[in-house]
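I have placed the structure first, in the form of structure tokens, so that the comments after it can refer back to it.
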Amino acid sequence: MLRRTMPLVLVTVLALAVAVSAQGKVKQYGRATVEYRSDDVAVVANYDYSQKTHDGAWLLIGFAVQGRKGPIVIQRTDLSLQTPEGRTIPLATQQVFLQESQVLTPLFQNAAIWRRSLDDYFPSRPAQRTVNFFSTPGGLVHDSVMTHPDEVATGDLLFKAPDGKWQEGTHRLLLNHAKAKADLPINLQ
């Protein structure tokens, strides 16, 4: 009896391991730093300031991403935030960023003490590339960023609540790319 069930148990365990590997692993560090790792991509998000200060329209998330198998070009449209009700909020546009600069400048100033480097979450310490989805006048803005196993792309993500305020609960930061997908919980308290 044991000889017959042992191979079945082994096959089941291996199938579960493959399924978990394909989906990736999420690891929480403290209250507001979360990491997602799969065979294809590693993503880290930090939202210390926004976790407690989300009564305004804007949510600021520090972001780092690394393609693990090869180059990945991430478009701004590949990133979104899903609310607890399932509503998808796209990454803010550069135009909205500029229009809202009077609101965003104090947000960045207040968030400065809560910011942390996300380099430490990538053990090989690869080269760094800046994600420039947003910039003040005169700066460079890109609609995409490339990353690969030898390089981590880091920068800020901004999302604007359609109704002017973020509700408490678990939101989901989503990377939806043809070569890599990630789903990170963003818990607002």
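The values are calculated or read from the model by the stated rules, or taken from the named source; none is laboratory data. Just so you know, these numbers come straight off a predicted model, no measurement behind them. Positions of Cβ are backbone-derived with ideal geometry, glycine not excepted, and every protein chain shown enters the neighbour counts.
Quick check: anything in segment 62-69 surrounded by fewer than 19 Cβ atoms within 10 Å (Cβ to Cβ), within 19 Å of residue 152 (Cα to Cα), touching a residue at least 24 places away in the same chain (Cβ under 8 Å) and of a type in the set (S, T, N, Q)? Steps first, answer last, please.
Step one: list which residues in segment 62-69 are surrounded by fewer than 19 Cβ atoms within 10 Å (Cβ to Cβ), which gives 68-69.
Restricting the remaining residues to those that are within 19 Å of residue 152 (Cα to Cα) gives 68-69.
Those still in the list that are touching a residue at least 24 places away in the same chain (Cβ under 8 Å) too: 68-69.
Checking which are of a type in the set (S, T, N, Q) leaves us with none.
No, segment 62-69 contains no residue that is surrounded by fewer than 19 Cβ atoms within 10 Å (Cβ to Cβ), within 19 Å of residue 152 (Cα to Cα), touching a residue at least 24 places away in the same chain (Cβ under 8 Å) and of a type in the set (S, T, N, Q).
I'd like to know if segment 41-63 contains one or more residues that are of a type in the set (Phe, Trp, Tyr) and outside any strand (DSSP E or B). If you could, list the steps in order and put the result at the bottom.
The first filter runs over segment 41-63 and keeps only residues of a type in the set (Phe, Trp, Tyr), leaving 47, 49, 58, 63.
Cutting the leftovers down to outside any strand (DSSP E or B) gives us 47, 49.
Checked segment 41-63: at least one residue is of a type in the set (Phe, Trp, Tyr) and outside any strand (DSSP E or B).
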Among (1) in contact with a Lys or Arg (Cβ under 9 Å, 6 or more places away or on another chain); (2) surrounded by 17 or more Cβ atoms within 10 Å (Cβ to Cβ) - the single one residue 111 does not satisfy: (1)
Among residues of segment 135-189, those that are touching a Leu at 6+ places or on another chain (Cβ under 6 Å) and among the hydroxyl-bearing types (Ser, Thr, Tyr), counted: 1
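Sort out which residues of segment 64-85 are small (Gly, Ala, Ser) and over 17 Å from residue 96 (Cα atoms), and write them in order of number. Can you show your working first?
Filtering segment 64-85 down to residues small (Gly, Ala, Ser) leaves 64, 67, 70, 80.
Correct list: 64, 67, 70.
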Among (1) surrounded by 14 or more Cβ atoms within 10 Å (Cβ to Cβ); (2) in contact with a strand residue (DSSP E or B) (Cβ under 7 Å, 6 or more places away or on another chain) - the single one residue 143 does not satisfy: (1)
Residue 106 being closer than 23 Å to residue 167 by Cα and free of Cβ contacts under 8 Å to residues at least 40 places away in the same chain: yes
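Does residue 75 meet the test of being closer than 20 Å to residue 154 by Cβ and surrounded by 12 or more Cβ atoms within 10 Å (Cβ to Cβ)?
On the way: closer than 20 Å to residue 154 by Cβ: yes; surrounded by 12 or more Cβ atoms within 10 Å (Cβ to Cβ): yes.
Yes: the conditions hold for residue 75.
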Options 123, 149, 185: the member that is without any contact (Cβ under 8 Å) to a residue 60 or more places away in the chain and either farther than 20 Å from residue 33 by Cβ or surrounded by fewer than 19 Cβ atoms within 10 Å (Cβ to Cβ) (or both): 123
Criterion violated by residue 104 - all others in (1) over 17 Å from residue 51 (Cβ atoms); (2) among the aliphatic types (A, V, I, L, M); (3) in a strand (DSSP E or B); (4) touching a Leu at 6+ places or on another chain (Cβ under 8 Å) satisfied: (3)
Checking residue 96 against (1) modelled with pLDDT under 95; (2) β-branched (Val, Ile, Thr); (3) touching a helix residue (DSSP H, G or I) at 6+ places or on another chain (Cβ under 9 Å), the condition it does not meet: (3)
